[in-house]
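J.: Next up is a structure, given as structure tokens.
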């Protein structure tokens with residue numbers, strides 16, 4: 001963690017709400033995007049990201065930089081909020097993506113979009129492990145801790161997610 005971030009956290013813990021605004025401004029897009037990949041609904045993703053920031057603010061004094069970066073800690077909180085919401089409301093519907101396709105998009109963009117769409121069609125737990133592992137760089141142990149499941153479950157889910165992605169992309 002950088003000295004600036006350490007100082008920023010110390011200011012927040014001492015009651016400087018403007019310092020927390022800096023954290024929120026810096027990580028809003030990342031948390032929203034992460035929540036959207038899990039929840040598949042813009043409004044819900046926004047709510048989950050906001051709730052994650054609120055929870056983080058309330059528990060910032062418990063943050064331990066030795067265990068990981070502030071970004072990692074925030075993503076863990078957001079993941080738990082999303083999974084908790086999914087458990088509470090199992091009837092979350094999968095949205096159809098209305099994507100406007102530009103005739104100028106490159107072949108690489110088309111491939112990336114195909115992978116992205118395939119990931120979005122995965123079950124929430126598979127989508128979450130793929131997002132955390134490949135897009136956010138979490139280790140299996142970090143994912144297991146964030147999702148509060150055994151590491152073997154993470155390995156199995158990631159394996160099944162990769163199998164489903166192979167099938168979907170062939």
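Any read-out appearing in this document is the output of simple, stated calculations on the displayed coordinates, not a laboratory observation. None of the values given here were measured: they were computed from a predicted structure. Glycine also receives a Cβ, built like all others from the backbone with ideal geometry; neighbour counts cover every protein chain displayed.
J.: May I ask you to compute the full-extension gain from residue 55 to residue 116, defined as 0.36 nm times their residue separation minus their alpha-carbon distance, rounded to one decimal in nm? All intermediate terms of the calculation are to be shown ahead of the outcome.
T.: Details: separation 61, 0.36 × 61 = 21.96 nm, distance 2.89 nm.
So the chain would gain 19.1 nm between residue 55 and residue 116.
J.: In cubic angstrom, how much convex hull volume per residue do the alpha carbon atoms of segment 28-70 span?
T.: Numbers: hull volume 2.9 nm³, N = 43.
Given the Cα convex hull of segment 28-70, per-residue volume reads 69 Å³.
J.: Rounded to the nearest 0.05, what FRET efficiency is calculated for residue 149 and residue 30 with R0 set to 35 Å and r the Cβ-Cβ distance? List each step's numbers first, then the result.
T.: Values: r = 23 Å, r/R0 = 0.65.
Calculated transfer efficiency: 0.95.
J.: Any number yet on Rg/Rh for segment 1-93, C-alpha, Kirkwood? If you can, show how the numbers build up before the last one.
T.: Details: Rg = 13.7 Å, Rh = 13.6 Å.
Rg divided by Rh gives 1.00.
J.: Computed over the Cα atoms, what is the radius of gyration of segment 103-170 divided by 2.2 N^0.38 Å, N being its residue count? It would help to have the intermediate numbers written out before the result.
T.: Working: Rg = 13.2 Å, N = 68, 2.2 N^0.38 = 10.9 Å.
Computed over Cα atoms of segment 103-170, the ratio equals 1.21.
J.: What residues from segment 12-40 fall in the zone where the backbone N is under 17 Å from a label point 7 Å along the Cα-to-C-beta line of residue 135?
T.: Once the point is set 7 Å along Cα→Cβ of residue 135, 27-40 turn out to lie under 17 Å by backbone N, inside segment 12-40.
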